[in-house]
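**Student:** Right, I'll just put the structure down here and ask away after.
The values are calculated or read from the model by the stated rules, or taken from the named source; none is laboratory data. Being a predicted model, the structure only gives us computed values, none of them experimental. Methodologically, a virtual Cβ is constructed for each residue, glycine included, from the backbone with ideal geometry; neighbour enumeration extends over all protein chains shown. Please note that ligands, DNA and RNA were not included when accessible areas were found on the heavy atoms of the full protein model with its side chains. Shrake-Rupley method; radii C 1.70, N 1.55, O 1.52, S 1.80 Å.
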Amino acid sequence: RDTDRSRGLGDVYKRQNGKWAESYNGDGGFHQVFVGLGYKVFNNLSVGANFSYLYGDITHQSMTAIGATDTRSIKLDKFSISDYKLDFGLQYTYKLNKKNTINVGAVYTLGHTLHGDAYKYHQTGTESNGSIYVQSQTGDTIPNPFKMPHTFGAGLTYVYDNRLTIGVDYTCLLYTSP
């Protein structure tokens, strides 16, 4: 296969029996704003929570033009979310002696369906003399398509003289089927 790639947003592919071109563009992003609170319950035990707001949208479009007939395919995907996220944590510190400390912690993130939408659109057609003739088009809006998984985590650290920290942690994400 003979391939010629151009720089930029799209790639141009050449084949022996013709040519096609692909272009991509996208915009947007997801964001998180949060506030955290912590409380020392006892001398060695602390609890905390993060309250987050997740928001944003992403748009992605791809277009493929094939051969001399100017057959075109356009795909458009739009995603948006606007919802909360809750994280909880617990930490216990055990001082072995003046220079050695062990910390044990656990975290949990509340899993739930995120409020948002996904929109998928696909159109095929031909272009002739500057006009586009649509042959088929489909579109679908999917309400609340995203889920935040229930997340459990645990960790253990050893601290020597506040100069060396060795730790290990484990995280389990529980995804559910739609």
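This table checks each residue for (1) under 20 Å from the mean Cα position of the chain (by Cα); (2) surrounded by 12 or more Cβ atoms within 10 Å (Cβ to Cβ); (3) without any contact (Cβ under 8 Å) to a residue 12 or more places away in the chain.
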| position | (1), (2), (3) |
| --- | --- |
| ILE132 | no, yes, no |
| GLN137 | no, no, no |
| GLY155 | no, yes, no |
| ILE166 | no, no, yes |
| LEU173 | yes, yes, no |
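**Student:** Answer yes or no as to whether TYR92 is under 25 Å from LEU156 (Cα atoms), over 19 Å from the mean Cα position of the chain (by Cα) and surrounded by 14 or more Cβ atoms within 10 Å (Cβ to Cβ).
**Tutor:** In short, yes.
**Student:** So THR69 fits all but one of (1) at pLDDT 80 or above; (2) more than 30 Å from PRO149 (Cα to Cα); (3) open to solvent by 60 Å² or more (accessible area, probe 1.4 Å); (4) among the β-branched types (Val, Ile, Thr); what number is the exception?
**Tutor:** The failed condition is (1).
**Student:** Do any strands (runs of 3 or more DSSP E) entirely within the range 88-178 hold 2 or more residues that are of a type in the set (Phe, Trp, Tyr) and touching a strand residue (DSSP E or B) at 6+ places or on another chain (Cβ under 9 Å), and if so, which?
**Tutor:** Numbers: elements: 100-109, 112-114, 116-128, 131-143, 146-148, 150-160, 164-174.
So the answer is 116-128, 150-160.
**Student:** Same structure again: I'd like to know if the range 28-49 contains one or more residues that are open to solvent by less than 80 Å² (accessible area, probe 1.4 Å), modelled with pLDDT under 95 and under 21 Å from the mean Cα position of the chain (by Cα).
**Tutor:** yes
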